[in-house]
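Asks: Starting off with a structure, shown below.
The values are calculated or read from the model by the stated rules, or taken from the named source; none is laboratory data. Keep in mind it's a predicted model, so treat the numbers as computed, not measured. Heads up, the Cβs are rebuilt from the backbone with ideal geometry, glycines too, and the neighbour counts pull from every protein chain shown. Heads up: the accessible areas ignore ligands, DNA and RNA and are worked out on the full protein's heavy atoms, side chains in. Shrake-Rupley method; radii C 1.70, N 1.55, O 1.52, S 1.80 Å.
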Amino acid sequence: MNKRRLKSFSAAILSLITLMQTLPAFTASGEEMTNDQYVYLFLTQDLNLHHAAASGIMANIDQECGFIPTLSCVDTNGLISYGLMQWNGPRFAMLKSFCENNGYAYDTLEGQLAYLEYELNGPYSGYYDHLLYSIPDTADGAFDAAYFWAAQYEICNS
């Protein structure tokens, strides 16, 4: 990961931590949630991640797709990368299969977050455990979570 991208992650993480710590006031008013708010609540409530771990994942999602679950591109391997996590190749096929078999649409936040939870409780449970137990709930922890997520879960090329 290059220095420019790391600085971008750091800035995104710090702003996300500040924003996300105020989310309950936004959602308590009954207003419709934005995609980033919905994802954050999923990460902190459904997956029980603390602010730093959730913010690290959020920084990656922001960089990958801007919280647009239908965003896709042809990656450097010539295969489609799709959605919140830019699932690629076999993982994209598994996302679609999981959603079809479990009553979700693969192009929605709900379907993709259900698949993320499936991955983190199954084949990627070690990554989930790392986020739950090894990342401190600090700004440095958020940076470590963002870097870890990009390098280990998303497996970015650079």
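Asks: Please list, ordered by first then second residue, the pairs with beta carbon atoms under 7 Å, 6 or more apart or interchain, first in the stretch 35-59 and in contact (Cβ under 8 Å) with a residue 60 or more places away in the chain, second open to solvent by 30 Å² or more (accessible area, probe 1.4 Å) and assigned to a loop (DSSP other than H, G, I, E, B).
Replies: As it stands, the answer is H50/D137; H51/Q21; H51/D137; A52/P136; A52/D137; A52/T138, since those pairs meet every condition given.
Asks: List the number of the failed condition for N77; all other conditions in (1) open to solvent by 70 Å² or more (accessible area, probe 1.4 Å); (2) of a type outside the set (K, R); (3) part of a loop (DSSP other than H, G, I, E, B); (4) closer than 23 Å to L132 by Cβ hold.
Replies: (4)
Asks: Inspect all residues belonging to the stretch 43-53 and state whether any of them is of a type outside the set (S, T, Y) and part of a strand (DSSP E or B).
Replies: no
Asks: Restricting attention to the stretch 80-112, which residues are open to solvent by 70 Å² or more (accessible area, probe 1.4 Å) and among the small types (G, A, S)?
Replies: G103
Asks: Next question. Could we say that I135 is open to solvent by less than 30 Å² (accessible area, probe 1.4 Å) and closer than 19 Å to D36 by Cβ here?
Replies: No.
Asks: Quick one: G126 ticks every box in (1) surrounded by 15 or more Cβ atoms within 10 Å (Cβ to Cβ); (2) out of contact with any helix residue (DSSP H, G or I) (no Cβ under 7 Å at 6 or more places or on another chain) bar one, so which box is it?
Replies: That leaves (1) as the condition not met.
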